[in-house]
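For reference, the structure discussed in these notes is given below.
The values are calculated or read from the model by the stated rules, or taken from the named source; none is laboratory data. These numbers come from a predicted model, not from an experiment. Glycine also receives a Cβ, built like all others from the backbone with ideal geometry; neighbour counts cover every protein chain displayed. Just so you know, the surface numbers come from the protein's heavy atoms only, side chains and all, with ligands and any DNA or RNA stripped out. Shrake-Rupley method; radii C 1.70, N 1.55, O 1.52, S 1.80 Å.
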Amino acid sequence: MNCPQCGTAVESTMTRCPGCGNVAQLQYQTEFNPYASWPLRVGATLIDSLLVALPIDVLARATTSLSRYGRGAIVVAIYTIMVVVLLSRNGTTLGNLAVRTQVVRTSDHSASCSFTQALVRSLAQVLLYVTVIGLLLDIAFPVLNASNRTLHDFIARTVVIRADAPPTKSAKNTTPANSVPTWLGLIKNPDAP
């Protein structure tokens, strides 16, 4: 970043320009956007599909003699259950972990979505993806709003944020002092007294 007054290179951690001493205008050129971009969201979905849905489909093909639609229903059901469980635990799936995003409540970005929100979000996504129009609407919806929320996010009152996003002003620290957040939830910190 450069000082807007004299053009001297300034590090983001500096509070004063070393060239002219300017203090007031040393701010980031652009504000940090905490919302996950569309490519990150698509990447997380593709990773989830490859790591979760594809192995389930291969297993269903090998172990059952169901029709293509029967296997598809089994894959969608197991995939939905896994996503609901993972999202309700801490707001991340395997794909979210890989691209460093998290699904949170719209009212409080520091709180993971509840079990009900995760269930509504996943079921809305499945129902939207059954029809071509629903799929296209859901995929195009992030272009229409600043927070990159899809239609199933609006239905469940959730938003996907970047995991490195700073907490919002209304965010409260809900992590107990002697525990460590992990992708499986909170675990007791062995180093804490």
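Think of region 29-93 as having a plus end and a minus end, set by charges on the Cβ of Lys, Arg, Asp and Glu; of Pro39, Ala60, Leu86, Ala60 sits farthest toward the positive end of this dipole. Probing with 1.4 Å while keeping every protein chain in the model, the per residue accessible area of region 59-142 equals 55 Å². Accessible-area rank, largest first, for Leu144, Leu97, Leu151: Leu144, Leu97, Leu151, with all protein chains present and a 1.4 angstrom probe. Prolate is the label for region 37-150, because a/c, from the alpha-carbon gyration tensor with a ≥ b ≥ c as root eigenvalues, is 1.5 or above and a/b exceeds b/c. Quote the FRET efficiency, to the nearest 0.05, computed for Cys6 versus Val85 with a Förster distance R0 of 35 Å and r equal to the Cβ-Cβ distance. Efficiency for this residue pair is about 0.05. Ordering of 54-65, 74-85 by packing is 74-85, 54-65, highest average first (other Cβ atoms within 10 Å, averaged per residue). In this simple spin-label model, placing a label point 7 Å from the Cα along the Cα-to-Cβ direction at both Thr106 and Leu127 gives a separation of 1.6 nm.
At a 1.4 Å probe, what is the % contribution of carbon and sulfur to the accessible area of region 97-163? Carbon plus sulfur share of accessible area: 68 percent. For Ser147, neighbours were defined as the other residues whose beta-carbon sits under 13 Å from its Cβ, and their charges (Lys and Arg +1, Asp and Glu -1) total +4.
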